[in-house]
1. Any idea what the relative contact order of the chain is, in percent, if you count C-alpha pairs under 8 Å spaced at least 6 apart?
2. Within a Cβ distance under 15 Å of residue 315, other residues only, what is the Lys/Arg minus Asp/Glu net charge?
3. Quick one: work out Rg over Rh on the C-alpha atoms of the chain, Rh as Kirkwood radius.
4. How much of the DSSP bridge set in the chain is antiparallel, in percent, rounded to the nearest 5?
5. Which log10 I(q)/I(0) values, to two decimals, does the stretch 32-170 give at q = 0.12, 0.20, 0.21 Å⁻¹ under the Debye formula with one point per Cα?
6. Pop out the ³J(HN,Hα) list for the stretch 82-88 in order, Karplus 6.51 cos²θ - 1.76 cosθ + 1.60 with θ = phi - 60°, rounded to Hz; leave Gly and Pro as x.
7. Which lysines have a Cα less than 16 Å from the Cα of residue 225, not counting those fewer than 8 places away in the same chain?
8. Calculate the translational D of the stretch 215-267 in whole µm² s⁻¹ from Stokes-Einstein, where the hydrodynamic radius comes from the Kirkwood formula applied to all Cα pairs, the temperature is 4 °C and the viscosity 1.567 mPa s.
Amino acid sequence: MEDYPHKPQSYSRRDATKLIAAAGASAFLNTPIDSLGAPANMLVRKIPSTNEPLPVVGLGTWQTFDVSPSPTVRAPLKEVLRQFVAMGGKLIDSSPMYGESEVVVGDLADELKVIKKLFMATKVWTQGRQQGITQMETSMREMRRNPLDLMQIHNLVDWQTHLATLRQWKAVGRIRYIGITHYLVSAFDNLEKIMRSESIDFVQLNYNITTREAANRLLPLAQDKNIAVIVNRPFESGSLFSAVKDKPLPEWAREFDCASWGQFFLKYILAHPAITCVIPATSKIKHLTDNMGAGYGRLPDAATRKRMEQYIEKLI
């Protein structure tokens, strides 16, 4: 879902020009820069099944990339994707459920010549073996990625059937990783059963500072089973921003290099050691820039995360 407005640190047009010239995107990310003036690297987590490093902030495409072929309409998204890569992003997540999102991602990535720089993830969302194969082949063509990095079973639809196909595809190199997804707490029982009984590389689930049920059992289980975790709905469909609207960011947020409410919510998630990547969706550069800033600098420790929870509970 499109990010709700959250305010990154503001700069005047003159200040912004000077900062961009001196340090590129890192100036807006409030990130450290090295002795040569280059932005520091985004934090990475290793995919447990292979130890492949993955930057911790990715990009979702639900609603935001579902647009027409018009170059004018696509232009803002092209800039979002350009800046996403420039700021250290890699994982971009889509689905056939997301309308034109897959083909838009593929077209823009091709135009920008960044396909090989992306970790492309999408999903199978249909019933039946052959329907699944047809849909996945379409997704790979539209995203222009073969082999595809990650294919996930969307909301566990006909998961037994598709899991068998995915294992075959992984064995012959058509995909690199297998995953399952859901966005509701009510699905956690089923997610848990599959995580315990099946060999998968990724699980995608909902987790944020107010919806913390995943931390009770699924996140520890993912660590035990060496399963990477992608987090969706990090802002609880925007309701978190409604809760903190016009509220000042606590001064102690500076202790973990946090400059906005968006970074506050994302850094809370990323501080959990089981989390591999979080995928906020946006079509706006200012929100992308702010979101990416959460992947730089310090993260809150366990005691600070508890303090963050208590602080938000008082506001909602």
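Readers should treat all values here as calculations from the given coordinates under stated rules, not as data from a laboratory. Computed from a predicted structure; not experimentally measured. All Cβ positions, glycine included, derive from the backbone under ideal geometry; neighbour counts span all protein chains shown.
1. Computed over the chain, the figure is 23 percent.
2. With Lys, Arg at +1 and Asp, Glu at -1, the net is 0.
3. 0.96
4. 15
5. Debye curve over Cα of the stretch 32-170, log10 I(q)/I(0) at q = 0.12, 0.20, 0.21 Å⁻¹: -0.52, -1.22, -1.30.
6. 4, 5, 4, 5, 4, 8, x
7. Answer for residue 225, where 16 Å is the Cα cut-off: 46, 193, listed by chain and number.
8. 99
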